[in-house]
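Trainee: Take this structure first; my questions come after.
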Amino acid sequence: MSTTQSERLRELLEPLVSSQGLDLEEIAVEPVGRKRVLRVVVDSDDGADLDAIADVSRALSAKLDETDAMGPGEYTLEVGTPGAERELTEHRHYVRAVERLVRFQLTEGAGEVVGRILTVDDEGMDLEVPGVKGRKATARRLAFADIDKARVQVEFNRKEKQDKQDEFDEQDLTEEEEA
């Protein structure tokens, strides 16, 4: 049984990424002209800040330089995070997406659901499905087995967060007036 270059790279790099407190989410080697690009995607339960990404990038670069894992020829190492609209493929991804709005494509042509993940357990998750045209949101249970694809949605004007910010702003004004 032969292993692909990505699998060999994962075996080599995953322990190093884990030692930095991060999860190795994805590895891809792509040709770009005469060079290759090694894209490494990392994340953690608390997110990965710029310093953590720089640290793991230096560690991966040093490890790759001391081995021949990338073979002959030039390559560029790119280390980053999954991004705002990440696809959810692992249990830990769903846990990290609690309180986020997610679009689910359901199995066997059952359509799609957009909902906010409230809780996640071993079998699935509880969602809050936004109401349409002024209707109230509804609760829904969704099993992992019923999900074909899931992707986090970007929200620019989340109502609850704006309401909380308005409350803080009003509190600040009241405190300034009392002073």
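The values are calculated or read from the model by the stated rules, or taken from the named source; none is laboratory data. Owing to the predicted nature of the structure, the values given are computational and were not obtained by experimental measurement. Keep in mind that these areas ignore ligands, DNA and RNA; they rest on the heavy atoms of the full protein, side chains included. Shrake-Rupley method; radii C 1.70, N 1.55, O 1.52, S 1.80 Å.
Trainee: Restricting things to alpha carbons, find the Rg to Rh ratio for the chain using the Kirkwood radius for Rh.
Mentor: 1.10
Trainee: Please give the direction-averaged projected area of the C-alpha convex hull for the stretch 87-152, in square nanometres with one decimal.
Mentor: That works out to 4.2 nm², a quarter of the Cα hull's surface.
Trainee: Please report the carbon-and-sulfur percent of the accessible area for the stretch 1-127; probe 1.4 Å, protein heavy atoms only, DNA, RNA and ligands left out.
Mentor: 46
Trainee: So, for the chain, what is the accessible surface per residue at a probe of 1.4 Å, expressed in square angstrom?
Mentor: Working: 12060 Å² over 179 residues.
Per residue, the chain has 67 Å² of solvent-accessible surface.
Trainee: While we're here: Using the Karplus curve 6.51 cos²θ - 1.76 cosθ + 1.60 with θ = phi - 60°, what ³J(HN,Hα) values do you get for each residue of the stretch 26-33, in whole Hz, with x for Gly and Pro?
Mentor: My calculation for the stretch 26-33 gives 7, 9, 9, 10, 10, x, 9, x Hz in order.
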